[in-house]
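Report on one structure; see the data block that follows.
The values are calculated or read from the model by the stated rules, or taken from the named source; none is laboratory data. All values reported here derive from a predicted model rather than from experimental measurement. Positions of Cβ are backbone-derived with ideal geometry, glycine not excepted, and every protein chain shown enters the neighbour counts. All accessible areas refer to the heavy atoms of the entire protein, side chains included, with ligands and DNA or RNA removed. Shrake-Rupley method; radii C 1.70, N 1.55, O 1.52, S 1.80 Å.
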Amino acid sequence: MDTREWALLAFTILGQTAAGLMIVLMIVRTYIAAKAGNDLADRLTNRPLYIVVPVMAVAFIASLFHLGSPLHIVRAVPNIGSSWLSREVVFAVIFMVFAALYTFLQWRKVGSLGLRIAIGWITVLLAAAYIYAMGMVYMITTQPAWNTIATPINFVIGSLLLGTLGMAAGLIAGGHKAEETNIVHTVLQALAIAAIVLLGIEFIVLPIFMAYLATQGGAALQSLNMMVGSYGVAFFFRLLLLFVGAGVLAAYLYRNASIAEKEKTLASLAYSAFALALVSEVLGRFIFYASHYRIGI
Amino acid sequence: MAKQLAFYVDLNKCSGCKACQIACKDKSNLPVGVRWRRVFQYEGGEWINQNGQMIPSNVYAYSVSSACMHCAKPICMEVCPTSAISKRDDGIVLINADICIGCRYCSWACPYGAPQFNEELNVMTKCDMCHDLVDKGERPACVESCPYRAMDFGPLNELQAKYGTFADPAPLPDSNITEPAVVYKPNKVTKSSGNANGRLMNLEEL
Ligand code: SF4
Ligand code: SF4
């Protein structure tokens, strides 16, 4: 891996975090609005919202370091007709524009509630399209270790996991009044369960994917050997951190959220769960880029 | 069928001398490490044990000269996020250096390893079939340079009429993936794509 590949890694992980957070945030917002009204929903979800656009902006800056000639972008016409990479970039840009718009409307309380909610959900759809395109980029017929359904699934799960735990951390970091503790804790519990479910799906998909690679032989098998061989240690830590972050810590988060006045503990749990999931995703993406073998010469 | 220019290599005549590779580097002024045309030395087979004596059995070795295949289904062009890669009316696939952003996506996709990054220009480059010479009615530098006259060049249908349609010598990938515009004439030991018991012998040169 050289600088260019690290740049790509940063672009995908940060993009996933921003898009995943946006999706989870709107779901949480809808829930709180239904239970406790729109004012509280806005107040509790605005803090995490403010980091979506900056994270996306950093992702874009990182992506430029991947390109040999970033300045040529001004002359390049996107090839959205056939290139998933082109679609990824186009969706990323539109997602960021809408996220910025939604953030602005929420921040200044501009526009009617209905309009703001509509823009929010449009942004969610764009985030989903962006994540899907991001995964499809690697569905190249000549890259057998990437060209499986496991790739888009992994990108989706990874995004939702980062979004879920990021939302938990953002929610608790935003602070809340004593009378809001109940609803915040209920949301934290739901997020913890979501993280555990996502972890479960990941742990089902992964062995199936690895077994599939093993049966394919050739370049696919070479990739598998690389994953568990040269990158075996990284692979082990990726799974371990994921298990501890999205499993063990999420379970503790769930338990502690049922007890009042545990805000400090909850904060530490949410932060560390997110941090571990993030490191795990970085390791996973590192292995993903480092262990692909192309068919041919 | 639209016109499609193509390369031809006779594997009976090719000695693996790499004159084509060098002629290419010279003509297109390629920096160290960038090889638009490459010659793969491919070997395989095993020895058999007969009464305690090892005797060579089906051992084989041959060379395959290959470059960009200017494919009918150019996967490079399909995946390129910009409009940098295009296919001319005569079938030549070109990368426009003014548009390429250097994302390297095409090099992930092309099964012939044809797109290669030029660190000096910071863009992706590949065999352009010497289109400047072709436009003047001449032939690509590699074809002209071969001391064994193993190479030929022309419209794919003409080459196929003259030499057959074989396009799958190992270690090259299955020609169904991108439908390369190329014809190889196999020699008597040439294996087909997907052959499992051979290996590349000149990896450090590729
Ligand atoms: S050989 Fe590779 S670079 Fe050349 S046209 Fe085919 S897919 Fe594109
Ligand atoms: S490196 Fe250049 S030619 Fe290749 S896919 Fe990227 S923009 Fe297109």
Worksheet item: Counting other Cβ atoms within 10 Å of each Cβ, which trypsin sites (Lys or Arg not before Pro) in segment B:29-108 have at most 14 and sit in a DSSP loop?
Response: none
Worksheet item: Once you average over the residues of A:63-69, how many Cβ atoms of partner chains fall within 10 Å of each Cβ?
Response: 5
Worksheet item: Can you give the direction-averaged projected area of the convex hull of the alpha-carbon atoms in segment B:2-116, in nm²?
Response: 10.2 nm²
Worksheet item: What accessible area, in Å² to the nearest ten, does a 1.4 Å probe give for A:Ile80?
Response: 80 Å²
Worksheet entry | Gain in span if fully extended, B:Ala2 to B:Asn58, counting 0.36 nm per residue against the direct Cα distance | 16.0 nm
Item to complete: Select from segment A:198-297 those GluC sites (Glu not before Pro) which occupy a DSSP coil region and have at most 10 other Cβ atoms within 10 Å, ordered by residue number.
Response: A:Glu261
Practice prompt. State the three equivalent ellipsoid semi-axes of chain B, derived from the C-alpha gyration tensor as the square roots of 5 times its eigenvalues, in descending order and whole Å.
Written response: 31, 19, 16
Worksheet item: What is chain A by shape, rounded, prolate or oblate, if you read a ≥ b ≥ c off the alpha carbon gyration tensor as root eigenvalues and call it rounded for a/c under 1.5, prolate for a/b larger than b/c, and oblate otherwise?
Response: oblate
Item to complete: May I ask you to give the average projected area over all directions of the convex hull of the Cα atoms of segment A:1-137, in nm² rounded to one decimal?
Response: 8.9 nm²
Discussion item. If I take R0 = 41 Å and measure r between the Cβ atoms of B:Ala196 and A:Leu240 in this structure, what FRET efficiency does the formula 1/(1 + (r/R0)^6) give, to the nearest 0.05?
Written reply: 0.70
Discussion item. Can you give the local net charge around A:Met227? Use residues other than it whose beta-carbon is closer than 13 angstrom to its beta-carbon, Lys and Arg +1, Asp and Glu -1.
Written reply: +2
Worksheet item: Which whole-number value in Å² is the accessible area per residue of chain A, probe 1.4 Å?
Response: 42 Å²
Discussion item. Counting pairwise Cα distances across the protein assembly as shown, what percent come out greater than 38 angstrom?
Written reply: 38 percent
Worksheet item: segment B:82-158 to segment A:146-177: how many Å between their Cα centroids?
Response: 43 Å
Practice prompt. Over 19 Å between C-alpha atoms is what I'm after, so list which of A:Lys177/A:Lys264; B:Lys3/B:Lys136; B:Lys162/B:Lys185; B:Lys13/B:Lys73; B:Lys25/B:Lys87; B:Lys13/B:Lys126 land there.
Written response: B:Lys13/B:Lys73; B:Lys25/B:Lys87; B:Lys13/B:Lys126
Worksheet item: Going through the DSSP H helices of chain A, which span 20 Å or more along their own axis at the Cα atoms while scoring at least -1.0 as a mean Kyte-Doolittle hydropathy?
Response: A:3-36, A:38-64, A:84-108, A:113-136, A:150-173, A:181-216, A:263-290
Item to complete: Taking just the C-alpha trace of segment A:150-297, give me its Rg and Dmax in Å.
Response: 17.8, 65
Item to complete: Enter the mean number of other protein chain beta carbons within 10 Å of the beta carbon of each residue in B:121-134, as an integer.
Response: 1
Item to complete: Would you mind giving the total buried accessible surface between chains B and A, with a 1.4 Å probe and ligands, DNA and RNA left out, rounded to the nearest 100 Å²?
Response: 2400 Å²
Response to the item:
Using eta = 1.567 mPa s and T = 4 °C, Stokes-Einstein with Kirkwood Rh from Cα pairs puts D for segment B:67-120, in µm² s⁻¹, at 115 µm²/s
Worksheet item: When only DSSP loop residues count, what trypsin sites (Lys or Arg not before Pro) in segment B:162-205 have their Cβ near at most 15 other Cβ atoms within 10 Å?
Response: B:Lys188
Practice prompt. Please identify the longest segment of chain B free of exposed GluC sites (Glu not before Pro), where exposed means a DSSP state other than H, G, I, E or B and no more than 16 other Cβ atoms within 10 Å.
Written response: B:47-118
Practice prompt. May I ask for the angle, rounded to the nearest 10°, between helix B:19-28 and the longest principal axis of chain B, with both axes built from Cα atoms and the value confined to 0 to 90°?
Written response: 10 degrees
Response to the item:
A 1.4 Å probe over the protein heavy atoms gives chain A a carbon and sulfur accessible-area percentage of 72 percent
Worksheet item: For segment B:128-206, what mean projected area does the convex hull of the alpha carbons give, in nm²?
Response: 6.8 nm²
Worksheet item: Between A:Ala267, A:Ala18, A:Ala214, which gets the highest mean-square fluctuation from a Gaussian network model of chain A, Cα cutoff 10 Å?
Response: A:Ala214
Worksheet item: With chain B treated as a Gaussian network of Cα nodes joined by springs under 10 Å, which of B:Gln50, B:Gln116, B:Gln160 yields the largest mean-square fluctuation?
Response: B:Gln50
Practice prompt. Would you mind computing Rg(Cα) / (2.2 N^0.38 Å) for segment A:1-68, counting N as its residues?
Written response: 1.43
Practice prompt. Let me know the whole percent of all Cα-Cα pairs from segment A:49-90 that are separated by more than 12 Å.
Written response: 69 percent
Item to complete: Just need log10 I(q)/I(0) for segment B:20-63 at q = 0.16 Å⁻¹, Debye formula, equal scatterers on the alpha-carbon atoms, no solvent, rounded to two decimals.
Response: -0.57
Practice prompt. Pick out which of A:Asn147, A:Asn225, A:Asn79 has the largest mean-square fluctuation in a Gaussian network model of chain A, springs linking Cα atoms closer than 10 Å.
Written response: A:Asn79
Worksheet entry | Average beta carbon contacts from partner chains per residue of A:172-184, 10 Å cutoff | 0
